[in-house]
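FYI, it's all coordinate maths here, none of it is from the lab. This one's a predicted model, so the numbers in the text were calculated from it and none came from an experiment. Cβ: placed from backbone, ideal geometry, glycine included. Neighbour counts: every protein chain shown.
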Amino acid sequence: MSTTLAARSDEYLPRDTADVVRTVRDSRPQRLTVRGGERSEDEFPLPDRRVVLSLRRMNRVQAVDADARLVRVQAGARLSDVDRTLAAHGLGLPIVGDHREITAGGFAAVGGLSAASHRYGMFSDNVVSLEYVDPDGRFGTCGRTHNAEHFRRILGGAGRTGIITALTLEAVEVDKDRTWLTSDGHRFLDFDTFVEHSHAEITRPGDALLQVGRWVDTSPLRAALPVGTGSVQLGTVRFGQWSSLHPTAATPSLRARRELGSRARKGLGAIASAASGRAAMPVRNAAAGALMFSPKVMTLRDAEFLADTVISSTERGPALRIAVFAPLSTYTSTLHRLHDLLTDHRERSGYFTVISAMTYGVRSPYLHELAGEDHGFITFTCRLRPAGSNTDALIRDVESGVDEICRNERARRY
Ligand SMILES: Cc1cc2nc3c(=O)[nH]c(=O)nc-3n(C[C@H](O)[C@H](O)[C@H](O)COP(=O)(O)OP(=O)(O)OC[C@H]3O[C@@H](n4cnc5c(N)ncnc54)[C@H](O)[C@@H]3O)c2cc1C
């Protein structure tokens, strides 16, 4: 087999589609775990130590058709690299993930959303056609206009329905380094107003190129009193922000502010990444807080990777994540009910600490076809207290509550 075996004995690194076909056939009946890029075992543990097939060496941008605004890439191409190549043609990807390592195949396989989804839907909505290798090692092609049913099964199939080896993607005309955005930010101290505002912005985004709402709700903070006298409860911190980023003209003073802001965020990201020991959590929380108050001006490219500068260094520790697409007609009730479910659980069980939410609009032709309307994306992250004894039962309970809300509100799990 010409497939290269990586330093780790359980990882294959094919160089082309023929290599993928051979690897899948030779591995049968064993099922391979597909990966887009490189991930450490700590970050992404393998279920029962399966053999991994990583597409990271199939990372070429193969052709750009500037007139048709199309780009053909191998599945392991990083979206940040594809976007850089497109920039030379005055083009860019409408949807990119929030960190630079995400690959085209990996993102298409999960659907892929971003703060531009209120304009451009999911990453998978922007895939025109693809090549794949099925679980039996057969090569095939599919697209919007041929094998459309299979196309849909592979997009969002998370690698279970076939390994994507190459994709043709739609691009848009944009100069991400010279498109300046100004942030129209609103802050909230109560959840009801945050929900109302989010719904209004998702329904009528105006000319916003990016939009995102974030809500944070800590568990009651306790302060220790001098030895032997116990602790006092200081109450819960709750706040939210909605940011819509609109195009603006670049001026020298905006450029200077952008430079200052971007240096400060990078510095904060580096400090948060390096933080360890007892000081680590407050530093990371401060970094996440800084993200809530995102800068007033920046370029579109800065804004797309804003989270990468700070958040990736803060997202550590066990957490329960719930993500749903809610039709706009039931968006506010879905958001309220999910919030109530999670905060009630925290009160009863004490297993969650910080509960945070992120939300934005999704105008996906695929979802629109299924539901007859546009959607809001809602994701909740609940930090788990370490060493909770009955965590599995708790998670099952939460999951079934979420499923019931989705059934009643016609929402879909992501
Ligand atoms: C369900 C889910 C949804 C996510 N949604 C978003 C999001 O909307 N926005 C965002 O910024 N981040 C999202 N993430 C986090 C992360 O950014 C994405 O998982 C992203 O796709 C990771 O890219 P990757 O190239 O490293 O893929 P990996 O993390 O290696 O793989 C992601 C999934 O895709 C499969 N896969 C990878 N490559 C291929 C391929 N070539 N063919 C077929 N299947 C493949 C994998 O088996 C795995 O199931 C999501 C994560 C998950 C698990």
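Per the listing V362, V354, V402, the residue uniquely more than 14 Å from the ligand (Cβ to nearest atom), under 23 Å from S243 (Cβ atoms), crowded, with 16+ Cβ neighbours inside 10 Å and in contact (Cβ under 8 Å) with a residue 60 or more places away in the chain is V354. For region 242-261, residues that are hydrophobic (A, V, I, L, M, F, W, C), under 26 Å from G361 (Cα atoms) and surrounded by 15 or more Cβ atoms within 10 Å (Cβ to Cβ) total 2. Quick one: is Y366 part of a helix (DSSP H, G or I) and more than 21 Å from T218 (Cα to Cα)? Here the answer is yes, as Y366 does meet what is asked. Of the set (1) at negative phi; (2) in contact with a helix residue (DSSP H, G or I) (Cβ under 8 Å, 6 or more places away or on another chain), all apply to H150 but (2). Residues in region 132-159 that are within 12 Å of the ligand (Cβ to nearest atom), more than 21 Å from E373 (Cα to Cα) and under 24 Å from the mean Cα position of the chain (by Cα): Y132, R153, I154, G157, A158, G159. Going through D184, D207, D177 one at a time, which residue ends up being part of a strand (DSSP E or B), more than 16 Å from the ligand (Cβ to nearest atom), in contact with a strand residue (DSSP E or B) (Cβ under 6 Å, 6 or more places away or on another chain) and not basic (K, R)? Matching residue, one of D184, D207, D177: D184. When the residues of region 120-131 are filtered to those that are under 26 Å from H375 (Cβ atoms) and not small (G, A, S), the one that is surrounded by the fewest Cβ atoms within 10 Å (Cβ to Cβ) is V128.
Considering each residue of region 93-115, count those that are outside any loop (DSSP other than H, G, I, E, B), near the ligand (Cβ under 6 Å from one of its atoms) and in contact with a Phe, Trp or Tyr (Cβ under 8 Å, 6 or more places away or on another chain), and give that number. Counting residues in region 93-115 that are outside any loop (DSSP other than H, G, I, E, B), near the ligand (Cβ under 6 Å from one of its atoms) and in contact with a Phe, Trp or Tyr (Cβ under 8 Å, 6 or more places away or on another chain) gives 1.
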